[in-house]
Amino acid sequence: MRDTPGRLRDAAERLLAERAATGISLRDITDAAGANVASVGYHFGSKDALLDEVIGQALTDVYEQQRARLTQLRDDASLDDIVRAWVLPAFTARLDGDNEAQRRRLRVLQNTLAAPSAATTALLTEMAAPVQQQLLDRIARHVPPMPPAELWLRHTAVLAALGALRGELVAGNFDQV
């Protein structure tokens, strides 16, 4: 049997894959983990800290894959290759490792990004910045010269559009790419 913190993390991840954090109670997590309520406070400090850890790990997985794919590209990579390297880790479930775990983490991100808390928004901003800067530096080589603030604004608009496209239907379509 797994250790208590591991069981709590697994239970929280399964629940976050099903619904937004606001719909998850402390009792939901501990019942799913077969643990007592006090164990969450003992091991993580709070339910929110546990959920933030699980969400942070899901974000880390995607950002590490994006960073690795962008770094592996040749200097003369096409814009299409650059965008593909950045987008695919956020939408596909056919990446290295356990596919079911990967699909669950992607559902965690989808549910989290659909209704982010203030803590999640701060975590997302902090973690995304280095990868987004790496992406924008590469994209800037392929687009007409523009101020970095304008490129950032355009990138933000693309992120908003991608957020609107979230869901299993979109993830399934990206598996064919």
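The values are calculated or read from the model by the stated rules, or taken from the named source; none is laboratory data. Here the structure is a predicted model, which means the values were calculated and not measured. Surface areas here come from the heavy atoms of the whole protein model, side chains and all, with no ligands, DNA or RNA. Shrake-Rupley method; radii C 1.70, N 1.55, O 1.52, S 1.80 Å.
Report summary: the helix-based calculation at 222 nm, which adds -39500 (n - 2.57) for every DSSP H run with n ≥ 4 and divides by the residues of the chain, gives -24500 deg cm²/dmol. Which length gain, in nm to one decimal place, applies between Ala129 and Thr60 when the Cα-Cα distance is subtracted from 0.36 nm times their residue separation? Computed gain between Ala129 and Thr60 is 23.6 nm. What accessible area per residue, rounded to a whole number of Å², is obtained for the stretch 1-160 using a probe radius of 1.4 Å? With all protein chains present, the stretch 1-160 gives 54 Å² per residue.
Taking the accessible area of the chain, probe 1.4 Å, and keeping the other protein chains in place, the carbon and sulfur fraction comes to 56%.
Each part reduced to its alpha carbon centroid, the stretch 10-33 and the stretch 103-155 end up 26 Å apart.
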